[in-house]
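To start, the structure under review is shown below, and the notes come after it.
What follows draws every value from the coordinates through simple rules; no lab data is involved. It should be emphasised that the depicted structure is a prediction, and the values quoted were computed from it without experimental measurement. Don't worry about glycine lacking a Cβ; one is built from the backbone with ideal geometry, like all the others, and counts go over all protein chains shown.
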Amino acid sequence: MVDLSGQKVELSAGATAWLPCHISTDSIGQGTNIGALSHIGRNVTIGQSCRIQGTVYIADGCSVGDEVFIGPGAVLTNDRYPPSNGKWRPVIVENHSIIGANATIVAGVKLHTGCIIAAGAVVICDIPANEVWGGNPAKHLMMRDEYESRRDNHE
C-alpha cells in the first residue's frame, strides 16, 4: 500500500487537491485549492480561485461560486429530511462568500454574494448578500463592511 498523505493531485486549469480526499465527477474552477480529507460529491460545481480547507463535506449537486472560502470541517448538505431517496435540495453558494470552520449549511439554502457565515453556525434559511450570520440557528450579526473593518483593526 502506498501512503499518499501530504501529496497533491493536479486538477485541470491549475486547481489542486491534497490527498487523501474524494472528488467525484465535478467541475472545479481554475486556481481552486481543495484540502485533505475533503469530500466533494457528484455533480458539484466549484468556481475559480476558491479555497476549500480540509475535512469539508460538499454534498451531491451543490454549487460554489468564484473566490469562495470554506473553512475546515464545514458541511454543505442536500437532504433536509434524510433519507429522502434522491429528492435533494442542494446548497448554492454565490461568489465571494466565506463559510467559517465547522459551519453547517442545511439543504436548499442559498448564500447570496459576499455573505459570511461564522464558525460553527447552522444555517437553515437563505442569507442575503453581504450579511454576516452566526449561531445555531444562525441569525444576522452585522453587515460585511463592519466585519471587514473589525478584521482590519484586529478586533
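Of the residues ILE116, TRP18, ASN102, the one whose Cα sits farthest toward the positive end of the charge dipole of the stretch 8-152, with +1 on the Cβ of Lys and Arg and -1 on the Cβ of Asp and Glu, is ASN102.
A Cβ-based charge dipole, computed about the Cα centre of the stretch 53-106 with Lys and Arg at +1 and Asp and Glu at -1, lands at about 260 debye. Between SER149, ALA129, SER38, the Cα set farthest toward the positive side of the dipole of the chain (charges on each charged residue's Cβ, about the Cα centre) is that of SER38.
Here is the list for the stretch 62-155: trypsin sites (Lys or Arg not before Pro) lying in DSSP coil, each with at most 12 other C-beta atoms within 10 angstrom of its C-beta, are LYS87. Over the residues of the chain, the helix contribution to mean residue ellipticity at 222 nm works out to -1500 deg cm²/dmol, using -39500 (n - 2.57) for each DSSP H run of at least 4. Scaling the Cα radius of gyration of the chain by the globular reference 2.2 N^0.38 Å produces a ratio of 1.02. Among beta bridges identified by DSSP and lying wholly in the chain, the antiparallel ones come to about 20 percent. With the largest listed first and rounded to whole Å, the semi-axes of the equivalent ellipsoid of the stretch 34-95 from the Cα gyration tensor are 20, 13, 9. In a simple Cβ point-charge model (Lys, Arg +1; Asp, Glu -1; nothing else charged), the chain has a dipole of about 420 debye relative to its Cα centre.
Ranking of THR77, THR32 by neighbouring Cβ atoms within 10 Å, starting from the fewest: THR77, THR32. Distance from the alpha carbon centroid of the stretch 29-104 to that of the stretch 108-155 works out to 16 angstrom.
Ordering ILE98, ILE70 by the number of other Cβ atoms within 10 Å of each residue's own Cβ, fewest first, gives ILE98, ILE70.
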